[in-house]
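Asker: This is the structure I have questions about; it appears just below.
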Amino acid sequence: MDKSIVAVLKTKPETVFDDIRRLCELADLKKHLDPARPVILKDNISWHFPFLSANTTPWQLEGIILALKESGYKDLVAVHNKTVVTNPDKGGRLNKLTPIYQKYQIPELYNFRKDQIRWVAYQPKAPMKALNGIFTQGIYIPEFFIGKNIVHLPTVKTHIYTSTTGAMKNAFGGLLNTKRHYTHSVIHETLVDLLAIQKEIHSGIFALMDGTVCGSGPGPRTMTPMEKDFMLASGDTVAIDALAARMMGFDPLTLLFIRLAQEEGLGQGRFEEIEVLGEDVSKENFGFQVGDNFASNIGDFLWFSPFRKYQKLFFRTPLVYLFIFGSFFYHDFIWWPFKGKSLMRKLKKESKWGRYFSTYPDLP
């Protein structure tokens, strides 16, 4: 497998748009996205609350829109999804992404609204590691995704089930429906399956990853924001995830989803086979830790312990609503008001990115 390019730059609010343009040039955006096809913008709203490190940032979104338009890509559209603990409308407003879509007149679609996007049966050409066994009645994907470019907009952060999360995991919400929690016990294999499907259905794939404020801890929500000032870009979602993982302090090939993707030839996961352009990050080690919280301890017990054999009882019957309510209540009514809000207030006072976030307009 040839070396993959990942572009990395240090940035600051005053230069972030120019830096994103430069990243797209270094990562050869035009090589990876078909100029004759529409571009789907797939932002990452892990939580509807405005918590830097958990979600796509407004400067990340605005920067890639400007870079795409200046590169000749005019047909842009955003596609959103929801999770059991995230409201995408609220997330777009509170994270100040909706005003950007409105400013640049970019339509927003929702993959769970039947009047906007139709789900169709899809038979992957690549052998599946997990999805055929989970969705025995067939794999369904959004028909709208077929034949279009996609740009993923993840952040540099940790995750309770995959240790790190990034461009590969960003396809999870877009390509799977609301029953995607069925796959949690085989999440690594699922991410590899989804990347194989993406390579079959998309005319091009690109990722711009925000590492201006990164997240360490029991992600993708209950983390400690860490200001690091990086932006990364690549046409190889495996390589960009691998490099981000290494910068966070993890050995990429110990992360099963990266190693499996590497073995399947879906991307480059070995640091030695990644050509890093821009900054020299070979000595970067953020020392991030994943850790646990209340919700992750319950998840580990039900998904990965010997009790996993009962997961159909817990998650494919009405009992699932107890777990959904528990997760929603913990995140929105315990962790956010008692810890998350204070962390965000501190960022707005002490971090240049927190102050920059405050300059973005709210919806009237």
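We did not get these values from a lab; they are worked out from the coordinates using the rules stated. Keep in mind it's a predicted model, so treat the numbers as computed, not measured. When we count neighbours, we look across all protein chains shown, and the Cβ atoms used for this are built from the backbone with ideal geometry, even at glycine.
Asker: Using the structure shown, list the pairs from Lys157/Lys349; Lys103/Lys339; Lys157/Lys352 with a Cα-Cα distance above 29 Å, or answer none.
Answerer: Numbers: Lys157/Lys349 22 Å; Lys103/Lys339 33 Å; Lys157/Lys352 19 Å.
Those over the limit are Lys103/Lys339.
Asker: Okay, moving on. In nm, to one decimal, how far is the Lys349 label point from the Asp34 one, both placed 7 Å along Cα→Cβ?
Answerer: The two pseudo-label positions are separated by 5.2 nm.
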